[in-house]
Amino acid sequence: MKSFEGRTAMVTGAGANIGKAIALSFAKEGANVIVCDYKENNALQTVREIEEMGGTAMAAVCDVRDREKIFAYVDEAVKRFGKIDILVNNAGGSAGLLNKLTRFIDAERETLDFVIDTNLKGSIHCAQAVLKYMVKERYGKIINMSSIAAVCGLYDRVDYAAAKAAMLGMAKALAMEVGEYNICVNCVSPGAIGRNGEKWEHVTYMGANGRSGEPQDIANAVLFLASQDYITGQNLVVDGGRTLGPGHI
Ligand SMILES: NC(=O)c1ccc[n+]([C@@H]2O[C@H](COP(=O)([O-])OP(=O)(O)OC[C@H]3O[C@@H](n4cnc5c(N)ncnc54)[C@H](O)[C@@H]3O)[C@@H](O)[C@H]2O)c1
């Protein structure tokens, strides 16, 4: 039997790269997948690939910042699949998505709002939308996609590092509140993960493994956490050892 047979997983930002690898991995392991992405073509492409492999998926074309739409899609998904067992809050990114990376002192109000709203508030909306169903089922796994920026900081991304660190705090506090309902809340913090197959040779120190990560490296960590009942409130750093420290004296 596949490890997530009979489970339903909602993955945000599932139309590309890390989110897509997570969605496809859950589908391979038998889960029904709700593919949330604000780019319709991306969402539909992931759904198509899941269906081609014999899986079941539903597109939720919406922005995680749109609280009403997220709640409506979650209700629709529960009508179709009966429950939501797993939520992966993966949609996110830095001001780089707007081509607005800059030193903090120069960051514009709209950019700050975009980064905080997409990463942090989007995750909060999605978690609130699924929780009432998870509480009813007395079962759930929520996994936030944070970043090593939350742990170590990152130039030109103060807003991003702050939002990702807040996602760690959210996971810890929420884990305390929902533990009695058999719901685990954790984070995964990727290092440098190549998009669309690219390798990041230019990053000076990739980590002990000497390579940039691939979306599947992160998907593997997410599926591991989603399979565990006694790990909660934790942050799993998946960076090939990049944040280990200087190494040599
Ligand atoms: N790639 C990395 O090196 C890296 C490192 C650390 C953390 N992360 C985090 O991992 C997650 C995924 O990263 P990625 O590199 O795969 O991103 P990506 O930009 O390649 O893909 C993100 C997907 O999410 C969708 N999306 C973006 N904003 C959305 C929104 N508001 N609502 C719905 N969908 C939205 C996009 O359309 C896209 O399909 C992000 O949260 C990112 O911050 C990535």
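Brief remarks follow.
- Surface listing: 236, 223 arranged by accessible area from highest to lowest gives 236, 223, probe 1.4 Å.
- The C-alpha atoms of the chain occupy a region whose extents along the principal axes are 53, 40, 39 Å, arranged from largest to smallest.
- Listed residues 114, 71, 26 arranged by accessible area, highest first, probe 1.4 Å: 71, 114, 26
- Spin-label zone in region 108-143 - amide nitrogen under 17 Å from a point set 7 Å from the Cα of residue 80 along the C-beta vector: 130
- Gain in span if fully extended, residue 199 to residue 249, counting 0.36 nm per residue against the direct Cα distance: 15.2 nm
- With a threshold of 19 Å on the Cα-Cα distance, the over-threshold entries among 2/28; 79/132; 69/132; 39/69; 69/136; 2/39 are 69/136; 2/39.
- The charge dipole of the chain, taken about the Cα centre with unit charges on the Cβ atoms of Lys, Arg (+1) and Asp, Glu (-1), comes to about 260 debye, rounded to the nearest 20.
- Residues with amide H under 5 Å from that of residue 236, placed H, sequence gap 5 or more: 187, 188, 189
- Alpha carbon centroid spacing (whole Å) that separates region 110-159 from region 1-27: 17 Å
- Computed over protein heavy atoms with a 1.4 angstrom probe, the accessible surface ordering of 126, 152, largest first, is 152, 126.
- For region 80-89, 3J(HN,Hα) computed residue by residue from phi via the Karplus equation (6.51, -1.76, 1.60; θ = phi - 60°) reads 7, 9, x, 5, 10, 9, 9, 10, 10, 7 Hz, glycine and proline entered as x.
- Inter-probe distance in nm under a simple model that places probes 7 Å from Cα toward Cβ, at residue 138 and residue 44: 4.3 nm
- For region 1-111, the solvent-accessible area works out to 48 Å² per residue, with a probe of 1.4 Å and every protein chain left in place.
- Long-range tail of P(r) for region 13-114 (Cα pairs > 21 Å, %): 38 percent
- Each residue, residue 52 and residue 182, gets one label point 7 Å from its Cα in the Cβ direction; the gap between the two is 3.7 nm.
- Degrees separating the helix 17-28 axis from the principal Cα axis of the chain, which is the longest one: 30 degrees
- ³J(HN,Hα) computed for each position of region 64-70 - Karplus, 6.51 cos²θ - 1.76 cosθ + 1.60, integer Hz, glycine/proline x: 5, 6, 8, 4, 4, 5, 4
- Residue-averaged [θ]222 nm for the chain, counting only DSSP H segments that reach four residues, each worth -39500 (n - 2.57): -13000 deg cm²/dmol
- Counting protein heavy atoms only, region 8-238 has 51 percent of its accessible area on carbon and sulfur, 1.4 angstrom probe.
- Residue 154 paired with residue 104, simple spin-label distance in nm, labels 7 Å along Cα-to-beta-carbon: 1.6 nm
- Cα convex hull of region 109-249, projected area averaged across orientations, nm²: 9.9 nm²
- Of the GluC sites (Glu not before Pro) found in region 118-209, those that fall in a DSSP loop while having at most 16 other beta-carbon atoms within 10 Å are 198, 201.
- Residues whose placed amide H lies under 5 Å from that of residue 59, excluding near-sequence neighbours: 35
The values are calculated or read from the model by the stated rules, or taken from the named source; none is laboratory data. Note that this is a predicted model, so its numbers are computed, not measured. Backbone-built Cβ (ideal geometry, glycine too); neighbour counts: all protein chains shown. Areas reflect the complete protein model, heavy atoms only, side chains present, ligands, DNA and RNA absent. Shrake-Rupley method; radii C 1.70, N 1.55, O 1.52, S 1.80 Å.
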